[in-house]
Amino acid sequence: MSGNGVRGRAVEKVMAGMRIDEAAALSLFGLPLVELGALAHRARLRHHPEALVTYVVDRNINYSNICVSRCRFCAFWRDESAPDAYVLTKDELASKIEETLALGGTQILLQGGLHPKLPLAWYEDMLRFIKGWPIHVHGFSPPEIVYFARLAGLSVEQTISRLRSAGLDSIPGGGAEILVERMRESRSPGKCSASEWLGVMAAAHGLGLRTTATMMFGEGETLAERVEHLRRVRALQDETRGFTAFIPWPFQPGNTALGGNEATAVDYLRTLAVARLYLDNFANLQASWVTQGPKVGQVALFFGANDFGSTMIEENVVAAAGVSHSMSREEIIRLIEDAGYQARQRTQAYELIG
């Protein structure tokens, strides 16, 4: 293992199963890749010693692409006047839900843009309509909820409570990007702040809703800012224990105003591994095959990930950036089994199915 100094002490701590601080986490980015992966896999086995990898069958339903935020890293949003702007009809929603159920799906990931004209009652009506089917609604990222609350003149807690009463089951971690204000002010000034993102999650946990946490990296942040993101997420998890999983993925620059170069597979695996070593209070880390492709997703199972994520019956946001990886349930099972694990379908709460 690596020698003396901060990095050496960090390695000693993670080998012993001890909590590491931010300086230690930052130092671990400098480890040789294979050594870092071995440490992360060791930590993964402490959480999940069984030779098992989970996945979920669901689809992303983007109810609208109309958005006033205009984030520079997003290729999905449209102005209301754009020829390809849309808001899904109930018939379109019904068709997507029925297809998801027919394919063995158990949930939908429901997200859209920050629409300037839709009232909170519209979202409540959509939720009640969707709950006419036996399906879990994992919906509305923190930026959406903050925006709904502002338009309605309500608190975040009141807004979440109303959405929950209408049928919302859990909240995804979208819109986190990097939870550092410097980055948010330059990349997504029209979106909620880092503190507001964390506030939504704290409020949801307080109301009994489980959520996920995410990080989109590679958009110009420093490694120290990635670690700061992890620090803020870990601190909230210490308080609430409301996060079910952490999902890091790299920024996709295609067709965006921000542009730049895509993060490499090595950068992705390093970041995943450091997250596994630092986030000692998260049971589950998800591999990002949607952005990295199936083979890197498979390798991620040895860099800290214990979950292969979703079959993604439908995915639109990453695809808008020119990245389109898709896999059937059978392909996901094969990749997991080829890596030496048993594949098991799960719910959003990580309960095994069958």
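The values are calculated or read from the model by the stated rules, or taken from the named source; none is laboratory data. These numbers were taken from a predicted model, which means no experiment stands behind them. Here the Cβ positions follow ideal geometry from the backbone for every residue, glycine too, while neighbour counts run over all protein chains shown.
Just a yes or no: is a residue in region 69-78 more than 19 Å from Leu285 (Cβ to Cβ), at pLDDT 95 or above and either part of a helix (DSSP H, G or I) or touching a Cys at 6+ places or on another chain (Cβ under 8 Å) (or both)? Write out each step before concluding.
Keep residues of region 69-78 that are more than 19 Å from Leu285 (Cβ to Cβ), which gives 69-78.
Now drop any that are not at pLDDT 95 or above, which leaves none.
Looking for residues that are more than 19 Å from Leu285 (Cβ to Cβ), at pLDDT 95 or above and either part of a helix (DSSP H, G or I) or touching a Cys at 6+ places or on another chain (Cβ under 8 Å) (or both), one finds none in region 69-78, hence no.
Leu236 - would you say it is part of a helix (DSSP H, G or I), of a type in the set (A, V, I, L, M), free of Cβ contacts under 8 Å to residues at least 40 places away in the same chain and crowded, with 18+ Cβ neighbours inside 10 Å?
Details: part of a helix (DSSP H, G or I): yes; of a type in the set (A, V, I, L, M): yes; free of Cβ contacts under 8 Å to residues at least 40 places away in the same chain: yes; crowded, with 18+ Cβ neighbours inside 10 Å: yes.
Yes; evaluated as a whole, the condition is true for this residue.
A single member of Ala213, Ala245, Ala204 is part of a helix (DSSP H, G or I) and either closer than 25 Å to Gln348 by Cα or in contact with a strand residue (DSSP E or B) (Cβ under 8 Å, 6 or more places away or on another chain) (or both), and it is Ala204.
Restricting attention to region 109-125, which residues are modelled with pLDDT of 95 or more and crowded, with 22+ Cβ neighbours inside 10 Å? Within region 109-125, Tyr123 is the sole residue that qualifies.
Mind checking which pairs have a first residue in region 323-337 that is under 18 Å from Val299 (Cα atoms) and a second that is in a helix (DSSP H, G or I) and at pLDDT 90 or above, Cβ under 6 Å, 6 or more apart or different chains? So the pair list comes out as Leu335/Gln298. Looking at the structure I just gave you, is Gly309 part of a loop (DSSP other than H, G, I, E, B) and not charged (D, E, K, R)? No. I'd like to verify a number: residues in region 289-309 that are farther than 16 Å from Ala51 by Cα, buried (at least 24 other Cβ atoms within 10 Å of the Cβ) and small (Gly, Ala, Ser), how many? So the count comes out to 1.
Return the total of residues in region 175-229 being among the β-branched types (Val, Ile, Thr) and over 25 Å from Leu163 (Cβ atoms). Working first, answer last.
Filtering region 175-229 down to residues among the β-branched types (Val, Ile, Thr) leaves 178, 180, 200, 211-212, 214, 222, 227.
Add one more test, that the residue is over 25 Å from Leu163 (Cβ atoms), and what stays is 178, 180, 222, 227.
Result for region 175-229: 4.
Scanning region 273-289 for residues that are under 20 Å from Val34 (Cα atoms), of a type outside the set (A, V, I, L, M) and modelled with pLDDT of 95 or more gives Arg276, Tyr278, Gln286. Any residue in region 239-262 that is among the charged types (D, E, K, R) and at pLDDT 95 or above? Looking for residues that are among the charged types (D, E, K, R) and at pLDDT 95 or above, one finds at least one in region 239-262, hence yes.
Counting the residues of region 212-231 that are at pLDDT 95 or above, out of contact with any His (no Cβ under 7 Å at 6 or more places or on another chain) and surrounded by 19 or more Cβ atoms within 10 Å (Cβ to Cβ) gives 8. Checked against (1) hydrophobic (A, V, I, L, M, F, W, C); (2) surrounded by fewer than 15 Cβ atoms within 10 Å (Cβ to Cβ); (3) at pLDDT 90 or above, Ile61 passes all but condition (2).
Hey, does region 152-169 have a residue that's within 20 Å of the chain's Cα centre (by Cα) and either under 20 Å from Asn284 (Cβ atoms) or assigned to a loop (DSSP other than H, G, I, E, B) (or both)? Looking through region 152-169, at least one residue is within 20 Å of the chain's Cα centre (by Cα) and either under 20 Å from Asn284 (Cβ atoms) or assigned to a loop (DSSP other than H, G, I, E, B) (or both).
Pairs linking a residue in region 90-107 that is at negative phi to a residue that is of a type in the set (D, E, K, R) and crowded, with 19+ Cβ neighbours inside 10 Å, with Cβ atoms under 6 Å and 6 or more positions apart or on different chains, are Thr100/Arg59; Gly105/Asp58; Gln107/Asp58. Every test in (1) assigned to a helix (DSSP H, G or I); (2) at pLDDT 95 or above; (3) not aliphatic (A, V, I, L, M) is passed by Tyr147 save one, and that test is (2).
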